[in-house]
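S.K.: I am attaching a structure below and will ask some questions about it afterwards.
The values are calculated or read from the model by the stated rules, or taken from the named source; none is laboratory data. Keep in mind that what you see is a predicted model, and the values were worked out from it rather than measured. Reconstructed Cβ throughout: ideal geometry from the backbone, glycine too, with neighbour counts over all protein chains shown. Heavy atoms of the whole protein, side chains included, go into the accessibility calculation; ligands, DNA and RNA do not. Shrake-Rupley method; radii C 1.70, N 1.55, O 1.52, S 1.80 Å.
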Amino acid sequence: MASEHPYKGIFTSLPKSGGGEFGKYYSLPGLNDPRVEKLPFSIRILLESAIRNCDGFQVKKDDVEKIIDWENSAPKLVEIPFKPARVLLQVPVDLVIDHSVQVDVARSANAVQANMELEFKRNGERFGFLKWGSTAFRNMLVVPPGSGIVHQVNLEYLGRVVFNNEGLLYPDSVVGTDSHTTMIDGLGVAGWGVGGIEAEATMLGQPMSMVLPGVVGFKMTGKLRDGVTATDLVLTATQMLRKHGVVGKFVEFHGEGVGQLSLADRATIANMSPEYGATMGFFPVDHVTLEYLKLTGRSDETVAMIEQYLRANKMFVDYSEPQQERVYSSYLQLDLADVEPCISGPKRPHDRVPLKEMKADWHGCLNNKVGFKGFAIPKEEQDKTVKFSFNGQTAELKHGSVVIAAITSCTNTSNPSVMLGAALVAKKATELGLEVKPWVKTSLAPGSGVVTKYLEKSGLQKYLDQQGFSIVGYGCTTCIGNSGDLHESVSAAISENDIVAAAVLSGNRNFEGRVHPLTRANYLASPPLVVAYALAGTVDIDFDKEPIGTGKDGKSVYFRDIWPSNDEIAQVVQSSVLPDMFKSTYEAITKGNPMWNSLEVPVGTLYKWDSNSTYIHEPPYFKNMSLDPPGPFGVKDAYCLLNVGDSITTDHISPAGSIHKDSPAAKFLLERGVDRKDFNSYGSRRGNDEMMARGTFANIRIVNKLLNGEVGPKTIHIPTGDKLYVFDAAMRYKEAGHETIVIAGAEYGSGSSRDWAAKGPMLQGVKAVISKSFERIHRSNLVGMGVIPLCFKAGEDAETLGLTGHERYTIDLPSKVSEIRPGQDVTVKTDNGKSFVCTIRFDTEVELAYFDHGGILPYVIRQLMKQ
C-alpha cells in the first residue's frame, strides 16, 4: 500500500533509542517545503491527515497543496476534506456503525449507588442498545455508565495524542457529538464538536468537508497572580475572544505564559471553545503534556514514542528553546498577571463580571430592562424579603438569593487545583463556624472517580460534605439542566413572589432556562467561588467589603479569611494527586460494573426494534427513500412557525432537561402509560423521534414574537389565530399540506451541538430558517437534515424589513443542484408584495450534494449502496 501512495517518498521509520523502531509515519519535514515551517501546529495536524489519507478520490493532492499553502488559501475560504482518527459519541446516538475510524462512546450517570440504580431502571433500554452496539460492530469501545463525564474520560484515558495503529504512527484527532469535545485540545489532540448527523457520516467512512479555517494566535505572557484561578483565566479569555470574533476559526495558544499553565488549566480553557465561538482552542504538545500523560497512567514507552514522533514531525513545542515564528490569521495577547477574579452571567457565558464589581453589576441587572443583563425589577420591589418555612425553620429569600450551588461540569471538575481549592475553602469556612443555609441546593459531581480519590487522600472531602457538597455522582448534572427539583417551599417562595433567584455553578453554560426553570440568574464561577457564594447565600454581595457570615466566635468572617493561597493549593495537589489513582480508576472502567455487566442484550447485527418503547424508536429518516436523489427544493407559500430574536440556543430549540407536565411530550408519555415520576428528561429520551419532535421548541423560556411578548413554548397558528403548543401548530400545518419556516435573529443555534435541534424542526415540517447568523455546528446540522439555512443581508433583519411573521414566504431555487453555488444570493418573496435578498448558507459543494439528496444520511446510504 505504501509503494502506491502519492506521498510514499516521505514515508519513513521512527527509530527507538535502544534499537528497532516504533513504527512508520509520513514525515512533514520530508516535504522540504519552507511553508510547512510557518504553519500553525493545528494546521499541521490537518496536513498530516490529508497526506496520510490521500487516495486521489476522497482526498486529493490538490487538497494537500491547499493546506500547505494555508497562509494564502485560508482567506479564500477553500474547502478541504478531513478524516479524524476517532469519533467520540456522547450517548444517546442514532446510528452506531464504523468502518474506518475508532469510535469511543462514553456517558455519565447522575448519582452514586442509589442514583445509579435509578439510572439503570429508567435507562436500561438505552444502555442495552449501546451494549448491543459494542458487540455488533467492530472498532467500537463503550465506556459504561457511571464512569465520569465523557470529556474528562477522554482527557485522562481515551486520548492517545499519537496513534500507533499496527505500526502506522499519526496524530490523534477526534470529532465528538458534544461541543465541549474541544477539552481534548488542551492535551494537544485536535478535537472539536460536530452534530450527531455529521458524526454518523464520519463513522460510515465519509471524510468531513470543512472550510480551511483561519487561526487566531493567542499569545500568553507572565504568570497568574495569587488567588486567581484557571476559571478566572478562561472567563477572561472567553470575553476577549468573543469580542475579537473567532467563529469558524481555530485558536492556537502560544508564548512563554502557556508554559506556566498546568495541563488541567489548559483543558479548562480549551473546553470553553464553544463559549468563545471557536472551532477549537488548541495547545500544542510540550513537556507539561508529557508529564500529564505520565501522571494519568500512560506507559513510559508510550510517552517516549509520543515525544519522539512529535519532535521528528515538527509538532512539539519546547519552551526552553528559541521559538520558530509562526504565521497566524490574526493575533491576540494577554499578560496572565492582568487576570483578576471574576464570574460570568447572569444569562451568557461571555458576560464576564470582575468580582469586585459584582454587587454593582447585580443592581444594574435588577434595574435594566429585560434582556441578557436585565430583569426590570421595579425599584420598590428590589429590597423585598420573602419569609417561609423550610422543614420547620424560618427561611428567607431575596432577589439574588442563591438557591443552587453546584460544583459540576467537565470544564472545571477535571482540574485538581480548583477542585482542591474548593475543598480548602470549605475547610477554612467549617473551622471558622460558617455553614451553608440548608435551603441552598448544593452538589458535587466530579468528572471521574479520580477526583474522589484525591479528595479523600487530601482529607478534605469531609469538609465539602459538611457544607452540603457531597458527591451525587459522576457526570453532567446542573450544567446541562439536571439540577433536580428544588424543595417545594423554596419553589413556592420563588414562584409566588416573583423572586429572581440565583444559581452559581462551575459550568460552561448559563443560558436562561437551562440550569433550572426557577433560577433566572445563573452565574458561572470557579469551584472555590461556588462554595463562597453558597456560604454567602446571595450574589448581592461585595466580597471585598461585606462579610460572608458570622463565625462561631461571633466575629465577622470575610472572603479573604477563607480563600486559600496558590501555594496552599499547590502543596495539596502535589501530595494528593497520584498516578496510581488514574490507573486504578480506568482499569475498573474496562471491567464494567455489575449493573452494566448484567444487562442482557440480543446478539446479531440487526437490532430488534420494540414498537412500544418510549426510549428507543426506529428513526424515520430512511422511510420511502428512493435510489435516486430527490433533487433540491424551494419553499412555496410557507407559514412562519416561530419568529424569534437573537441568541436562540439549542436549549431553546430542543431542551435536554425536564419534561413539563402539560407539554405535548408529557401527553404522549401519559397516553402510553408512563407515570409522571418516570418521565425522565428529554435528553434521556433522544432515542425516540416521536418524543423529540414533541420536545422541539418546548423550552418554557423561549420568546416567540408571534405571541407579542408572552414567554413559553407556544405559537400562533396563522390561518386560524389559535394559540397552540409549537408541536401542535406544526402538525396542523403538516396535515393541511402547508410548509413552514422559522425567522430568527443573530447567533441562532448557539450552545450545545445538539443534532435534535435540527432533526426536530425537520420532523415538524420546517423547510428553512432565515436568521441574521448561525452558530457553526447548528448551521451544519440544518444542512445535514435538509433544512435550508438562509442569512439576511448585513444590516437587515425581520424588523428592518418590516416582517411580522404573519406573512407567507416563497423561496425559489433552481431545480438542478448544479445551478446553485455555495453562498449565493436568493430572493425571498412574501404574499403581501415584499421581497428581500438572503445568502443561502450552503458553504461547500459537498453540502450542496447533501441538499440534493435530502440530507447527509440519505446521501451516505446512497453512496454505500453504490459500493
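S.K.: Yes or no: the stretch 446-454 includes at least one residue that is at pLDDT below 90 and in a loop (DSSP other than H, G, I, E, B).
M.R.: Checked against the condition, which is being at pLDDT below 90 and in a loop (DSSP other than H, G, I, E, B), the stretch 446-454 yields at least one hit.
S.K.: Pull up the stretch 289-326, narrow it to residues that are under 16 Å from F163 (Cα atoms) and of a type in the set (G, A, S), then point me to the one that is most open to solvent (accessible area, probe 1.4 Å).
M.R.: In this case the residue turns out to be S299.
S.K.: Specify which of the listed residues (P84, P92) is under 30 Å from P619 (Cα atoms), surrounded by 15 or more Cβ atoms within 10 Å (Cβ to Cβ) and at pLDDT 95 or above.
M.R.: Answer to the check: P84.
S.K.: I've got another one for you. Looking at the stretch 343-363, can you tell me whether even one residue there is over 30 Å from D226 (Cβ atoms) and open to solvent by 60 Å² or more (accessible area, probe 1.4 Å)?
M.R.: no
S.K.: Further question: Would you mind listing the helices (runs of 4 or more DSSP H) fully within the stretch 473-563 where at least 1 residues are more than 14 Å from V425 (Cβ to Cβ)?
M.R.: Answer list for the stretch 473-563: 488-497.
S.K.: Let me ask something additional. Of everything in the stretch 165-179, what is open to solvent by 10 Å² or more (accessible area, probe 1.4 Å), modelled with pLDDT under 95 and in contact with a helix residue (DSSP H, G or I) (Cβ under 8 Å, 6 or more places away or on another chain)? Give them in sequence order.
M.R.: Of everything in the stretch 165-179, those that are open to solvent by 10 Å² or more (accessible area, probe 1.4 Å), modelled with pLDDT under 95 and in contact with a helix residue (DSSP H, G or I) (Cβ under 8 Å, 6 or more places away or on another chain) turn out to be T177, D178.
S.K.: Please list, ordered by first then second residue, the pairs with beta carbon atoms under 8 Å, 6 or more apart or interchain, first in the stretch 351-367 and among the basic types (K, R) and at pLDDT below 95, second open to solvent by 20 Å² or more (accessible area, probe 1.4 Å) and part of a helix (DSSP H, G or I).
M.R.: R352/Q239
S.K.: Here's a follow-up. With open to solvent by 50 Å² or more (accessible area, probe 1.4 Å), of a type in the set (D, E) and modelled with pLDDT under 95 as the only criterion, which of D55, D104 stands out?
M.R.: D55
S.K.: Please work out which one of (1) surrounded by fewer than 21 Cβ atoms within 10 Å (Cβ to Cβ); (2) touching a residue at least 24 places away in the same chain (Cβ under 8 Å); (3) more than 32 Å from the chain's Cα centre (by Cα); (4) under 28 Å from D755 (Cα atoms) is the condition Y809 fails and give its number.
M.R.: (1)
S.K.: When only residues in the stretch 486-512 that are under 21 Å from T238 (Cβ atoms) and open to solvent by 10 Å² or more (accessible area, probe 1.4 Å) count, which is nearest to the chain's Cα centre (by Cα)?
M.R.: Among residues in the stretch 486-512 that are under 21 Å from T238 (Cβ atoms) and open to solvent by 10 Å² or more (accessible area, probe 1.4 Å), the one nearest to the chain's Cα centre (by Cα) is F511.
S.K.: Return the residue satisfying two criteria in turn: it lies in the stretch 821-858 and is among the aliphatic types (A, V, I, L, M) and at pLDDT below 95, and of such residues it is nearest to F622 (Cα to Cα).
M.R.: It comes out as L857.
S.K.: What is the number of the single condition among (1) open to solvent by less than 30 Å² (accessible area, probe 1.4 Å); (2) assigned to a loop (DSSP other than H, G, I, E, B) that D843 does not meet?
M.R.: (1)
S.K.: Taking V539, is it farther than 29 Å from K387 by Cβ, more than 21 Å from the chain's Cα centre (by Cα) and not assigned by the TED database to the domain that holds T236?
M.R.: So V539 does not fit the description; no.
S.K.: Out of the stretch 737-775, which residues are of a type in the set (A, V, I, L, M, F, W, C), within 18 Å of D637 (Cα to Cα) and in contact with a Cys (Cβ under 8 Å, 6 or more places away or on another chain)?
M.R.: I741, V742, I743, I770
S.K.: To continue, here is another question. Yes or no: P207 open to solvent by less than 10 Å² (accessible area, probe 1.4 Å) and in contact with a Phe, Trp or Tyr (Cβ under 8 Å, 6 or more places away or on another chain)?
M.R.: no
S.K.: Sticking with this one: Which one is modelled with the lowest pLDDT among residues in the stretch 654-673 that are open to solvent by less than 20 Å² (accessible area, probe 1.4 Å) and out of contact with any Gly (no Cβ under 7 Å at 6 or more places or on another chain)?
M.R.: Among them, the one singled out is I659.
S.K.: Right, something else. Among the residues of the stretch 1-15, write down those that are loosely packed, with under 14 Cβ neighbours inside 10 Å, in contact with a strand residue (DSSP E or B) (Cβ under 6 Å, 6 or more places away or on another chain) and under 17 Å from A312 (Cα atoms).
M.R.: P15
S.K.: If I ask for residues that are assigned to a loop (DSSP other than H, G, I, E, B), modelled with pLDDT of 95 or more and open to solvent by less than 30 Å² (accessible area, probe 1.4 Å), which ones from the stretch 58-71 would you list?
M.R.: Matches in the stretch 58-71: none.
S.K.: Search the stretch 197-222 for residues that are closer than 29 Å to R326 by Cβ and pair each with any residue that is aromatic (F, W, Y) and part of a loop (DSSP other than H, G, I, E, B) when their beta-carbon atoms are under 8 Å apart and the residues are at least 6 apart or on different chains.
M.R.: Correct list of pairs: V215/Y328; V216/Y328; G217/Y328.
S.K.: Please indicate, with yes or no, whether at least one residue in the stretch 271-293 is in contact (Cβ under 8 Å) with a residue 60 or more places away in the chain, touching a Cys at 6+ places or on another chain (Cβ under 8 Å), within 22 Å of G259 (Cβ to Cβ) and not hydroxyl-bearing (S, T, Y).
M.R.: yes
S.K.: Continuing with the same structure: May I ask you to verify whether S448 is under 32 Å from the mean Cα position of the chain (by Cα), open to solvent by less than 10 Å² (accessible area, probe 1.4 Å) and not aliphatic (A, V, I, L, M)?
M.R.: Yes: the conditions hold for S448.
S.K.: Now for a separate question. Filter the stretch 421-445 down to the residues that are under 20 Å from A395 (Cβ atoms) and among the charged types (D, E, K, R), then identify the one that is most open to solvent (accessible area, probe 1.4 Å).
M.R.: Filtering the stretch 421-445 for residues that are under 20 Å from A395 (Cβ atoms) and among the charged types (D, E, K, R), the one most open to solvent (accessible area, probe 1.4 Å) comes out as E435.
S.K.: If you take the residues of the stretch 615-637 that are open to solvent by less than 50 Å² (accessible area, probe 1.4 Å) and in contact with a Lys or Arg (Cβ under 6 Å, 6 or more places away or on another chain), which of them is nearest to S818 (Cα to Cα)?
M.R.: Checked the stretch 615-637; the qualifying residue nearest to S818 (Cα to Cα) is V635.
S.K.: Run down D540, D544 and say which single residue is under 27 Å from T478 (Cα atoms) and charged (D, E, K, R).
M.R.: D540
Okay, residues lined up against (1) under 30 Å from G421 (Cα atoms); (2) in a strand (DSSP E or B); (3) in contact with a His (Cβ under 7 Å, 6 or more places away or on another chain); (4) among the aromatic types (F, W, Y):
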residue	(1), (2), (3), (4)
V153	yes, no, no, no
N164	no, yes, no, no
E200	no, no, no, no
G227	yes, no, no, no
V251	yes, yes, no, no
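S.K.: Of these, L77, L46, L39, L28, which one is surrounded by 15 or more Cβ atoms within 10 Å (Cβ to Cβ) and on the phi > 0 side of the Ramachandran plot?
M.R.: Going through L77, L46, L39, L28 in turn, the sole match is L77.
S.K.: Something else now. What number of residues in the stretch 598-614 are in contact (Cβ under 8 Å) with a residue 24 or more places away in the chain and either over 14 Å from G124 (Cα atoms) or open to solvent by 60 Å² or more (accessible area, probe 1.4 Å) (or both)?
M.R.: Here the count works out to 7.
S.K.: Give the residue that is nearest to A730 (Cα to Cα), with candidates limited to residues of the stretch 683-717 that are open to solvent by 60 Å² or more (accessible area, probe 1.4 Å) and in contact with a His (Cβ under 8 Å, 6 or more places away or on another chain).
M.R.: Selected residue: E690.
S.K.: Moving on to the next point. Of all residues in the stretch 594-616, how many are under 27 Å from the mean Cα position of the chain (by Cα) and at pLDDT below 90?
M.R.: Total satisfying the criteria: 1.
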